[in-house]
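Here is the structure we will look at.
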Amino acid sequence: MGRQVTETRDRYGHFLTIPTRWMDNDIYGHVNNTVYYSYFDTVVNTYLVQAGGFDFQRSQVIGVAVETFCRFHRSVAYPDEIHAGLRVGKLGNSSVRYEIGIFRAGDDEAAASGHFVHVFVERSTNKPVPIPGALRTALARLLIHS
């Protein structure tokens, strides 16, 4: 396995504060691994709605998750407040790779990091289509350049 890059706050262009909930903790006293994917989904879709004007109920074009990944670095537990960092690692014609860092409030290094890939499809046919203009513009603002 390759060398891991430490994910730090300064590598993300957008943040959403998400409070942990009592029910997020598992029997071991920390946020269960599956909940991190909910945090990923929340920061991505909140950004699409707020910055891109996405109407997930009426839009003829929707994003379908085709790949997810999460690496855990340190524990988070209720009642921690987290800051979900978001950037775009790749912006294609019909797909986007979101990169997410989960930070405890006050921490500069990520507690977890990962990615989430959406392919945009026509809702009625499930066939890939170009990312709509307003969403593309919003996503381009978070695009990182290697």
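Laboratory data are not the source of any read-out in this text; all were calculated from the coordinates shown. On a predicted model such as this, the values are computed, not experimentally measured, just so you know. Cβ sites come from the backbone with ideal geometry, for glycine too, and all protein chains shown count toward neighbours.
Odds and ends about this structure:
- Counted residues, region 66-120 - those being touching a residue at least 60 places away in the same chain (Cβ under 8 Å) and β-branched (Val, Ile, Thr): 3
- Pick from region 75-104, criterion under 17 Å from ARG141 (Cβ atoms) and of a type in the set (A, V, I, L, M), ranking: surrounded by the fewest Cβ atoms within 10 Å (Cβ to Cβ): LEU91
- Taking the criterion of being of a type in the set (S, T, N, Q) and under 21 Å from VAL35 (Cβ atoms), the residues of region 59-89 that qualify are THR68, SER75.
- Here ASP107 passes the criteria (1) charged (D, E, K, R); (2) assigned to a strand (DSSP E or B); (3) surrounded by 15 or more Cβ atoms within 10 Å (Cβ to Cβ) except the one numbered (2).
- Qualifying positions in region 74-93 - part of a loop (DSSP other than H, G, I, E, B) and either hydrophobic (A, V, I, L, M, F, W, C) or closer than 22 Å to GLN50 by Cβ (or both): VAL76, ALA77
- Test: residue in region 58-72 that is surrounded by 13 or more Cβ atoms within 10 Å (Cβ to Cβ) and acidic (Asp, Glu): no
- The set of residues in region 26-65 that are touching a residue at least 40 places away in the same chain (Cβ under 8 Å), in a helix (DSSP H, G or I) and out of contact with any Cys (no Cβ under 9 Å at 6 or more places or on another chain) comprises TYR39, ASP41, THR42, VAL43, VAL44, TYR47, LEU48, ALA51, GLY52.
- Unique residue being among the hydroxyl-bearing types (Ser, Thr, Tyr) and in contact with a His (Cβ under 7 Å, 6 or more places away or on another chain) when the list is SER75, SER59: SER75
- Residue that is farthest from ASN32 (Cα to Cα) [pool: residues in region 97-136 that are hydroxyl-bearing (Ser, Thr, Tyr) and within 17 Å of the chain's Cα centre (by Cα)]: TYR98
- If you filter region 17-44 down to residues that are aromatic (Phe, Trp, Tyr) and under 16 Å from the mean Cα position of the chain (by Cα), you find that the one that is farthest from ASP55 (Cα to Cα) is TYR36.
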